[in-house]
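Presented below is the structure to which this report refers.
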Amino acid sequence: MNTDQIYSQLTDIFRDVFEDQTIVPAPTLSAKDVPEWDSLNHINLIVAIEARFKIKFKTAELESLRDVGQLVDVITKKLNKT
Amino acid sequence: LSESSIHLAWLPPKADWAAALEGARKSAPEEALRAFLGLANCRLDFAQTTRLDRAVQQTPDAARKKVLSGRPLRLALLGSCTLTHLIPGIRVGGLRRGLWVEIYEAPYGMYRQELQDPSSGLHAFKPDVVLLSLDAQHLVGAADASVDEAFGTIKDCWSLAKQSLGCTILQQTVLPVFHPLLGNNEHRHIHSPATRVRVLNEQIRQAADAQGVEILALDAFACVDGIAEWHDEALWHRSKQEIHPRVSHVFGDQVGRLLAAIRGRSSKCLVLDLDNTLWGGVIGDDGMAGIALGQGNAVGEAHLAFQRYALELSRRGVILAVCSKNDEANALEPFERHPEMLLRKQDIACFVANWDDKATNLRRIAQRLNIGLDSLVFADDNPFERDLIRQELPEVGVPELPEDPAGYAACIAAAGYFESLAITTEDQERTSQYRANAEREQLRESVTDMAAYLGGLRMELRCAPFDEIGLPRIVQLINKTNQFNLTTRRYTQPEVSAVMADSRALHLQLRLLDRFGDNGIIALIIGRLNTQQELEIDTWLMSCRVLGRQVEAATLNVIGRRARQMGAKALLGSYIPSAKNAMVKEHYPKLGFTLLRTENEQTSWRLPLEGFEEAPVLMNIVEGIS
């Protein structure tokens, strides 16, 4: 899966979780930009990504995430491993 | 659909779910809520459940009242870890069963303070039900934790909730999240956390029965999928969610079915198709020798195992019926002559085999058994028939049976249609009661003189105040009876106990016996003396099984007698119309009451006790219930 495909899948997930049909997960997007992105929805987002990509994040990986770009980097790394 | 959606495997998948949700949101509120109800009954994952819940929460009160019968159920969540993510699943789990659930979540970890403090949000909320959801780490995770202490905490919560809230208590069992220290013989290490959880769960179950607390068996149902599916230690460290969000909708469905059972909304009757459901093959084509049924053939054994499950359900009170597209003689032949058949004709309360469409036949079955369509569950291997029923009769439960008959029983068990809080003696005898009813029908047909028929029944009506032993059945009847029910007021067990403790209340349970057997508790009365010394009849309900047998008049005789003993000068009755109780609209005038007033189709009636004479009835009235 290439980066564009990952972003396309993420768009679906973001729109589902935040219930906003206009949201576009750009690399610089982060929780402070999205009012709905609270701690509960953050968990929902991570769980939805794990289910969609069939991956599992490590605790440390999630601790260091700052924006969507870093999230995509982690997803890419995990998909390439399998 | 994501993988976790396999959890609601008895619900049919819906391919265009998101589009359907969008469509529903755009329609008028009532229509939208009906559509949401349909969408709740599709196979959802946790994310879809959350989305559906958000949409449903926009429903205005007026539309909600129009579409969903019964008052909303107020549920308070009391816990020791994060529970917020469970709320959408619980609300959708209730909606799936036509129940509107309003939820109060106590502040994080504050369950004891909220219970103790009369000025807390919990007390202001006035819950119908509290769910105590305490996590394993909190209860027995600490190095020096003791089971006794944890159990003491739980029991304190029960008595606080009972005393100060008077509501129904749901206690979640503890999730076995701890790793073994010994292994297979872990039980020998009494201080291991894993052993503590096991012992604590045993104690909770034992005490719950005596305390009238209902159990949410998290330990049992989480084990069906595996603890790893339900609990993720990484997530626990991150967000203190003991129950994983990916199964929050499954958890919510379990809570939803318990809440429905508390409100008496569980299904009552399993309607079975025959060909390829109870046996393999088509009896009309393959004949007795050709169908697959019984030992020596894996498919035959699978169908037999399903019959065994159905039979066991019937022995604990679920009514069985048959609905088959067949010539009746062909359909009956295996029941009468096949040596491997477990189900016999006498196990089936209503047997319908013809060539009419199945929606018509299900209506027929509901009518003959005198139960609502929403009490039926329809098990059929044929996707066409299942779709037809979902379209035509959305209130009927239609499990999405797997293609392999080996999975039929698991599918129906997982769906929890017949969730039940207690098993009563009446439950165990229900099949014979329905059979006896059929025999009475036969006698009625052979006797034209009604008085001779009733006299020939040798009826005995036994009456007594409510008692502890009868309480489960009394609560069940109050919540289940729809048709012969003057006011359709629903009460929980604590509320009925409060009536029993009220010295100005009259409460009566009536049991009817006749030459064919014991009909069990068939009628209930709750009344209260007002300040003018008039007895207001709050609840008068009766099982439709005993219609047309003068039980109404005999019951009035008993009420009159008791009311006079309490010093009452008159009886007051009222009729509150519902979707289902039109049959009792003329109940009070038929018994000689006079109309006091009519308000919004609701009528009030009065019968002075001065000069009241008991009507002659063809049965003996006996004091004492057993």
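The values are calculated or read from the model by the stated rules, or taken from the named source; none is laboratory data. Note that the structure is a prediction, hence the values are computed from the model and not measured. Note that we place each Cβ from the backbone using ideal geometry, even for glycine, and neighbour counts take in every protein chain shown. Heavy atoms of the whole protein, side chains included, go into the accessibility calculation; ligands, DNA and RNA do not. Shrake-Rupley method; radii C 1.70, N 1.55, O 1.52, S 1.80 Å.
Per residue of peptide B:233-243, the mean number of Cβ atoms on other chains within 10 Å of the residue Cβ is 3.
Sparse packing (at most 15 other Cβ atoms within 10 Å of the Cβ) combined with a DSSP loop state is found for the following GluC sites (Glu not before Pro) in chain A: A:Glu19, A:Glu36. Summarising the amide proton neighbourhood of B:Val271: residues at separation of 5 or more, or on other chains, whose placed amide H is nearer than 5 Å comprise B:Ala321, B:Val377, B:Phe378, B:Ala379. Taking a ≥ b ≥ c as the square roots of the eigenvalues of the Cα gyration tensor of segment B:147-201, is the shape rounded (a/c under 1.5), prolate (a/b larger than b/c) or oblate? The shape class here is prolate. Rg then Dmax, both in Å and based on the Cα atoms of segment B:181-223: 12.2, 36.
Tell me, what HN-Hα J-couplings in whole Hz come from the Karplus equation 6.51 cos²θ - 1.76 cosθ + 1.60 at θ = phi - 60° for each residue of segment B:21-28, using x for Gly and Pro? Here the 3J(HN,Hα) series is 5, 4, x, 5, 4, 7, 8, 4 Hz.
So what's the net charge close to B:Glu328: Lys and Arg +1, Asp and Glu -1, counting the other residues with Cβ under 13 Å from its Cβ? Net charge in that neighbourhood comes out at -2. Computed 3J(HN,Hα) for segment B:233-248, one whole-Hz value per residue from the Karplus formula 6.51 cos²θ - 1.76 cosθ + 1.60 where θ = phi - 60°, is 5, 4, 5, 4, 5, 7, 9, 6, 9, 6, 9, 5, x, 5, 10, 4, glycine and proline marked x. Building the convex hull from the alpha-carbon atoms of segment B:564-626 and averaging its projection over directions returns 6.4 nm². Excluding same-chain neighbours fewer than eight residues apart, the aspartates and glutamates reachable from A:Lys81 by a Cα-Cα span under 17 Å are A:Glu50, A:Glu61, A:Asp73. With a 10 Å cut-off around each Cβ of A:36-43, the average count of Cβ atoms from other chains is 3.
Could you tell me which of rounded, prolate or oblate describes segment B:236-362, using a ≥ b ≥ c as the square roots of the eigenvalues of the alpha-carbon gyration tensor, with rounded for a/c under 1.5 and, failing that, prolate when a/b is larger than b/c and oblate otherwise? Prolate. Within segment B:472-626, the proportion of Cα pairs with more than 29 Å between them is 11 percent. Extents of segment B:79-166, largest first, come to 44, 26, 19 Å (Cα atoms, principal axes, whole angstrom). Using helices alone, what [θ] at 222 nm do you get for chain B, with -39,500 (n - 2.57) per DSSP H run of 4 or more residues, divided over all residues and rounded to the nearest 500? Dividing the helical sum by the residues of chain B leaves -12500 deg cm²/dmol.
Of all the accessible heavy-atom surface of segment B:44-182, with the other protein chains kept in place and a 1.4 Å probe, what percent is carbon and sulfur? In segment B:44-182, the share of accessible area belonging to carbon and sulfur is 51 percent. On alpha-carbon atoms, Rg over Rh for segment B:359-405 using Kirkwood Rh? A ratio of 0.98. Treating r as the C-beta distance of B:Arg54 and B:Lys126 and R0 as 35 Å, the FRET efficiency rounds to 0.85.
Panel note: the C-alpha atoms of chain A, placed on their principal axes, show extents of 33, 25, 22 Å (largest first). Taken along its three principal axes, the alpha carbon spread of segment B:45-108 comes to 37, 24, 19 Å, from the longest extent down to the shortest. The residues of segment B:488-617 expose on average 44 square angstrom of accessible surface per residue, using a 1.4 Å probe on protein heavy atoms. Chain A against chain B buries an accessible area of about 1500 Å², both chains summed, 1.4 Å probe radius.
Give me the base-10 log of I(q)/I(0) for the protein assembly as shown at each q in 0.09, 0.11, 0.12 Å⁻¹, Debye formula, one uniform scatterer per Cα, rounded to two decimals. Result of the Debye calculation: -0.92, -1.30, -1.45.
Proximity of backbone amide H atoms, modeled 1.01 Å from N, is registered between B:Leu609 and B:Ala570, B:Leu571 at under 5 Å, excluding neighbours fewer than 5 places apart on the same chain. Counted by Cβ distance under 12 Å from B:Ala579, the other residues give a net charge of 0, where Lys and Arg count +1 and Asp and Glu count -1.
From the P(r) of segment B:55-212, could you give the percentage of C-alpha pairs in the tail past 20 Å? Tail of the P(r) past 20 Å holds 56 percent of the pairs. Once the gyration tensor of the Cα atoms in segment B:332-397 is diagonalised, the equivalent ellipsoid follows with semi-axes of 23, 14, 11 Å, ordered largest first. Shape class of segment B:527-613 from the Cα gyration tensor (axes a ≥ b ≥ c, square roots of the eigenvalues): oblate, since a/c reaches 1.5 or more and a/b does not exceed b/c. Peptide A:45-51 has a mean of 5 when you count, residue by residue, the C-beta atoms of other protein chains within 10 Å of its C-beta. Antiparallel beta bridges, as assigned by DSSP with both residues in chain B, represent about 45 percent of the total such bridges. Partner aspartates and glutamates whose Cα lies under 16 Å from the Cα of B:Lys155, excluding those fewer than 8 positions away in the same chain, are identified as B:Glu114, B:Asp135, B:Glu202, B:Asp209, B:Glu214. The phi-based Karplus calculation (6.51 cos²θ - 1.76 cosθ + 1.60; θ = phi - 60°) puts the 3J(HN,Hα) values of segment B:323-330 at 9, 9, 8, 6, 6, 4, 4, 4 Hz, whole numbers, x for Gly and Pro. The charge dipole of segment B:71-147, taken about its Cα centre with unit charges on the Cβ of Lys, Arg, Asp and Glu (plus for the first two, minus for the last two), comes to roughly 460 debye. Annotation: amide H of B:Leu134 within the under-5 Å range of B:Gln172, sequence separation 5 or more or interchain, hydrogens built in the peptide plane. In plain terms, the bigger the Kirkwood radius, the slower the diffusion; for chain B, with that radius from Cα pairs, at 37 °C and 0.692 mPa s, Stokes-Einstein puts D at 123 µm²/s.
If you take all other residues with their beta carbon under 12 Å from the beta carbon of B:Leu139, and give Lys and Arg +1 and Asp and Glu -1, the sum is -3. Across all C-alpha atoms in segment B:301-430, the radius of gyration and Dmax reach 14.4, 39 Å. Need the C-alpha centroid separation for segment B:381-395 versus segment B:532-562, integer Å. Taking the Cα centre of segment B:532-562 as reference, the centre of segment B:381-395 is 40 Å away.
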